[in-house]
Amino acid sequence: MESFRAKLYVLFCLSGFVGVLAEQVFEKMLSVVVGASTPAAATVLAVYFLGLCLGGYLATCLVKRGLSALVGYALAELGVALCCLGLLWFFNPGSDFYTGLLAWGAASPWKVITARAAVAASMILPTAICLGLSFPFLSSVAARFEQDATYYLAKLYCANLVGAAFCAIAAPFGIFPAIGLSGALTVCALIDAVVAGYAWRLSPGGVPVASGRRETAVFRWEMNDALILTVAFVSGLLFFALEVIWSHLVGVVVGTSVYAFSSMLFVVLVGLAVGGLRIARKVHAGASPVRLHGLFFLCAGTLLTQVALWPLGPEGIMRLANFASGFYSGELVRLAVLVGLLLPATCAYGMVYPSLFQQRRFEQPGSGLLVGYMTAANALGCVIGAMLATFFLIPHLGSEWTLRFFTVLLTLCGIAVLWVERDRKNLRDAFIAASVIFVLAMGLPRWSRRALTSGAGVYFNHGAIVAASPAVAPTPGVVSAATPTQNAPVVAISEELTFFHEHSNGGMTTVVETRQTGIPTQRTLYTNGKFQGDDQGQQDAQVAFALIPSLHLKTRRDALVIGLGTGQSAAVVSGLDFRAVDVAEISPGIPLAAEEQFSNLNENVLHSPKVTVHLEDGRNLLLTQPKLYDQVTIEISSIWFAGSTNLYSHEFYELAKRRLAPGGVLQQWFQLHHISPREIESIIGTVHASFPYVSAWVFGGQGILLATLEPQGLQQSAVEVALRYLRTHSADEADAQRKLKEILASRFLDTDATRRLAQTRSPVINTDWNRWIEFSTPRYNADMIDWYAINFGRLASLSSSGGSIPGEVAGGNR
């Protein structure tokens with residue numbers, strides 16, 4: 001008996017591994033079709049859990065019809081394998097089906113949600129349904145056991161979570177960087193094929209039967225079943241709403257790389273597994289059942305502690321910053337902070353669902369059918385929780401007050417359980433405890449928004465510098481106009497948070513105003529504590545982003561700016577005689593900050609009749625809009641942000657090429673700091689794989705690529721337009737001429753040099769399937785190597801002029 005159950009634990013552990021791996025592949029691949037925004041990701045997640053819900057219900061129907069549990073499990077796992085292979089062989093992000101459906105949805109917000117859901121359903125719903133079948137089928141085997149059925153169900157649940165937790169770490173650190181998404185799907189298919197084959201081998205007479213019992217599909221509803229299903233639903237709703245909020249806060253406190261989110265997922269899954277294992281051990285030891293209302297109060301208490309701890313997360317990172325000397329040590333620091341923030345609450349939550357298996361109900365024939373209904377109810381709760389947190393709670397209540405209200409709501413759930421169980425003896429004590437928790441939840445000090453968004457999780461030991469001079473995180477070895485030198489006198493510094501906006505899409509947007517003696521007051525824009533722009537040191541680079549590509553244009557009809565920031569680049573584009581300017585900005589807080597805090601810098605560009613702001617990621621806008629652009633300007637935040645690789649892949653450049661008007665120019669920003677030559681060469685090589693003519697420019701400490709389908713050359717009429725713009729934004733004619741001369745001299749690699757790079761250095765071509773940039777670029781954020789100088793020297797070896805590092809650089813901080 002024990003040997004047989006151990007085999008099932010191993011099989012379901014592998015199922016959990018495949019489930020998380022497949023879900024991550026789905027999310028990443030769908031992001032290039034439906035968009036990388038949080039609402040788009042929530043829609044994908046909702047479809048995924050809807051599939052689990054349907055799978056759970058379908059399993060009950062099949063078992064009722066007499067399908068053997070192990071045969072059903074084998075078929076479900078085989079279905080997952082076939083679905084993964086189908087996605088690998090047939091998915092094309094640029095297919096006419098997806099493009100047409102999403103273009104139809106662009107007409108209204110509800111149509112957008114519908115179109116995205118339809119695209120997600122066509123890709124992942126069959127796989128999710130198969131995944132949802134697994135647990136109910138294996139749960140049906142519990143009917144073969146007698147007193148150990150509850151222990152078996154709890155251990156089975158834990159085994160699945162252990163496999164999922166292992167995948168959460170193995171996928172980004174090993175699988176994806178080594179073999180990409182296509183290789184990951186192949187791994188999923190192979191593992192599930194093996195699981196299916198072994199389960200099938202166990203099915204014909206291989207299931208031991210206790211005391212002559214036979215598996216049966218007999219099932220009768222009992223009074224307590226309503227409570228079981230309700231708790232399964234509510235626990236799924238509350239937990240997944242909390243997981244969305246935790247993901248949102250992790251981006252603020254710990255960082256937004258793929259590794260930060262994988263660490264969060266690992267901690268959450270480990271917490272759930274530990275909680276489930278505790279229930280299993282208590283059952284096996286014959287201890288008294290854990291009371292469900294007590295678990296809800298325990299969850300409330302741990303969540304209340306978490307409310308108090310979240311603002312201290314950045315400080316915890318700063319205290320451990322000295323240990324973050326490299327990539328792995330930096331990720332361990334993030335992981336340690338996440339363990340302190342999340343593990344207690346997830347352990348408490350991990351006991352809720354498996355505690356339901358303590359009911360004697362699950363030792364009766366047909367209990368596997370009830371697990372199927374539970375799976376469906378729980379997954380449906382996850383769908384509603386994800387949508388509720390994304391579209392209502394975070395945008396309207398904010399993460400802080402949502403956590404406070406959830407603390408109170410969990411105590412009410414505990415009271416409701418006692419009321420249903422008619423436990424009047426403990427009801428009075430529960431009301432007293434709930435009142436205390438309510439007072440504490442409402443009375444805890446408000447979060448310090450400045451401390452929460454300090455950027456410690458981004459810059460580690462640079463955080464002290466950021467706090468002192470928030471305009472920049474200095475690039476080692478590069479003198480910045482906004483960074484005090486060693487000989488600078490001590491000056492008085494005061495900071496004030498002048499703008500704060502929180503949304504599920506884009507996180508927390510802030511503006512910090514800094515006053516220093518003898519230095520003009522500076523305003524700096526941040527997203528989740530990450531620098532986005534300012535009104536001092538970054539101005540030259542912002543102007544160059546718009547001017548340099550425009551110098552090569554014969555016509556100026558329509559332009560697209562991807563990434564608004566302070567709005568200065570959009571203002572420059574608007575001032576260059578373009579007929580219409582589209583701006584794609586993923587965060588709704590950015591346009592509000594640009595309008596309210598930087599209107600003097602961007603000249604109220606958002607009120608210009610020829611400027612249209614689209615709250616959408618740039619790739620999805622290009623995919624759904626058939627418009628042709630003369631100039632596409634890309635200046636998103638750091639490349640190592642999760643999802644940024646969508647705008648650096650070969651497939652994206654092919655899409656952009658189709659959206660360029662004849663003679664059009666694509667401008668791509670790339671960073672020269674906290675990144676190695678391999679990544680820069682990959683970016684240049686990937687652009688060159690789609691565009692025959694690519695040149696590299698360096699201005700204001702920032703890298704700029706120009707990509708065209710025709711030979712590049714300055715257009716005299718365009719130069720005159722640029723000079724006219726500079727005259728209206730310079731002190732005098734000499735100043736305007738000087739600025740133009742500096743811009744024209746900033747070309748670092750001509751098209752022949754980039755061609756030599758692509759031919760001789762064999763750069764990695766970044767694609768949607770390998771996402772090499774996404775997993776490689778975060779590895780340099782914590783080190784103190786002078787990558788700027790190294791990268792400049794590496795590129796200079798290709799330059800006919802030899803190149804030299806600019807004497808003063810403002811902006812090695814993006």
Legend entry - Residues that are within 16 Å of residue 716 (Cβ to Cβ) and among the small types (Gly, Ala, Ser), drawn from the stretch 532-565: 550
Legend entry - Selection count, the stretch 609-624, where residues are of a type in the set (S, T, N, Q), under 18 Å from residue 569 (Cβ atoms) and crowded, with 16+ Cβ neighbours inside 10 Å: 0
Inset, instruction - Run residue 36 past the list (1) part of a helix (DSSP H, G or I); (2) buried (at least 22 other Cβ atoms within 10 Å of the Cβ) and report the number of the one that doesn't hold. - result: (1)
Legend entry - Those residues of the stretch 700-720 which are over 25 Å from residue 650 (Cα atoms) and crowded, with 20+ Cβ neighbours inside 10 Å, in sequence order: 700, 701, 718
Inset, instruction - Count, please, the residues in the stretch 104-135 that happen to be in contact with a Gly (Cβ under 6 Å, 6 or more places away or on another chain) and in contact (Cβ under 8 Å) with a residue 12 or more places away in the chain. - result: 8
Legend entry - Counted residues, the stretch 630-649 - those being surrounded by fewer than 24 Cβ atoms within 10 Å (Cβ to Cβ) and at pLDDT 95 or above: 1
Inset, instruction - Would you mind stating whether residue 30 is crowded, with 18+ Cβ neighbours inside 10 Å, within 28 Å of residue 187 (Cβ to Cβ) and either modelled with pLDDT under 90 or not assigned by TED's automatic domain parsing to the domain that holds residue 370 (or both)? - result: yes
Inset, instruction - Scan the stretch 661-670 for residues that are surrounded by fewer than 22 Cβ atoms within 10 Å (Cβ to Cβ) and under 16 Å from residue 551 (Cβ atoms) and report the count. - result: 1
Inset, instruction - Restrict the check to the stretch 278-298 and report whether at least one residue is buried (at least 20 other Cβ atoms within 10 Å of the Cβ), under 21 Å from the mean Cα position of the chain (by Cα) and more than 26 Å from residue 419 (Cβ to Cβ). - result: no
Inset, instruction - Out of 38, 99, 60, 43, report the one residue that is touching a strand residue (DSSP E or B) at 6+ places or on another chain (Cβ under 9 Å), at pLDDT below 90 and among the hydroxyl-bearing types (Ser, Thr, Tyr). - result: 38
Inset, instruction - Kindly check whether there is at least one residue in the stretch 124-143 that is outside any helix (DSSP H, G or I) and either closer than 22 Å to residue 356 by Cβ or not basic (Lys, Arg) (or both). - result: no
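To keep it simple, each residue is scored yes or no on (1) within 30 Å of residue 448 (Cα to Cα); (2) of a type in the set (A, V, I, L, M, F, W, C); (3) outside the structural domain of residue 255 (by TED's automatic domain parsing).
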| residue | (1), (2), (3) |
| --- | --- |
| 497 | yes, yes, yes |
| 508 | yes, yes, yes |
| 519 | yes, yes, yes |
| 533 | yes, no, yes |
| 551 | no, yes, yes |
| 563 | yes, no, yes |
| 570 | no, yes, yes |
| 586 | yes, yes, yes |
Inset, instruction - Filter the stretch 4-27 down to the residues that are charged (D, E, K, R) and under 29 Å from residue 771 (Cα atoms), then identify the one that is surrounded by the fewest Cβ atoms within 10 Å (Cβ to Cβ). - result: 27
Inset, instruction - Please work out if residue 244 is in contact (Cβ under 8 Å) with a residue 24 or more places away in the chain and farther than 18 Å from residue 362 by Cβ. - result: yes
Inset, instruction - May I ask you to list pairs of residues, at least six apart or on different chains, whose Cβ atoms are under 8 Å apart, with the first in the stretch 593-612 being in contact (Cβ under 8 Å) with a residue 24 or more places away in the chain and the second being of a type in the set (D, E, K, R) and in a loop (DSSP other than H, G, I, E, B)? - result: 598/535; 600/535; 601/535; 610/579
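The values are calculated or read from the model by the stated rules, or taken from the named source; none is laboratory data. What you see is a predicted model; the values in this text were computed from it and never measured. Here the Cβ is made from the backbone with ideal geometry for all residues, glycine too, and neighbour counts use every protein chain on show.
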